[in-house]
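Worksheet: one structure, shown below.
The values are calculated or read from the model by the stated rules, or taken from the named source; none is laboratory data. Quick caveat, the model's predicted, so the values are computed rather than measured. When we count neighbours, we look across all protein chains shown, and the Cβ atoms used for this are built from the backbone with ideal geometry, even at glycine.
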Amino acid sequence: MIRNLYLHGKQGPMSFDLTVWRASKQVTAAEAKRLNAEWCGRPLSELKPSAEMTGFVRDVAVDFHAGDGAENDEPWAVEPDIGDGYVLIAIPSSAILRRGAEEYIQVGLGPQAGVRSGHYAIEYRAGSPEQHFRTLVSNVEEVVGTFAQYLDRDEAFSARHSWRRVHF
């Protein structure tokens, strides 16, 4: 499984820039930021897609497509840049990871998510509207950590924050 994620959110109508790569060891946030800047600075002509990253992008498109019947229901804002051992993905200002129709985690940024600019609203649903919870965080590292735990099916994600039930 690809274990390293770097997520960078920008203010305004935007997308998250997500860099995913395989590494033999965990890296610091500073190292992830440096790698992301290096890869983002490369001309597209230098990108040589690896089979592993191409497969990863295909799997994400299948697993996390919008599924709303729109002409382009892929989960990213623009076509991913696939390199040898990494992929750069821009996803819309909100993101969702689904386990099933009523099991998912999602995040939104700023006023579009009903929170102050620069803050994130994370919600997860565990099977029904009665099991839908929300928390607010102020930094992207918390978003990434929570999503990574959820993706790994590590239930510690739910103890990571103070969650409030959402009433519909």
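Numbers at a glance
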read-out	value
Selection status of ALA61, modelled with pLDDT of 80 or more, under 24 Å from ARG153 (Cβ atoms) and outside the structural domain of PHE157 (by TED's automatic domain parsing)	no
Subset of the range 1-47 (residues that are assigned to a strand (DSSP E or B) and either modelled with pLDDT under 75 or of a type outside the set (A, V, I, L, M) (or both))	ASN4, LEU5, TYR6, LEU7, HIS8, GLY9, SER15, PHE16, ASP17, LEU18, THR19, TRP21
Residue list for the range 89-148, filter: touching a residue at least 40 places away in the same chain (Cβ under 8 Å), farther than 15 Å from ARG160 by Cβ, touching a His at 6+ places or on another chain (Cβ under 9 Å) and among the hydrophobic types (A, V, I, L, M, F, W, C)	LEU109
Those strands (runs of 3 or more DSSP E) lying entirely in the range 77-145 with at least 3 residues modelled with pLDDT of 90 or more and among the aromatic types (Phe, Trp, Tyr)	none
Count - residues of the range 19-43 that are surrounded by fewer than 12 Cβ atoms within 10 Å (Cβ to Cβ) and closer than 14 Å to VAL144 by Cβ	3
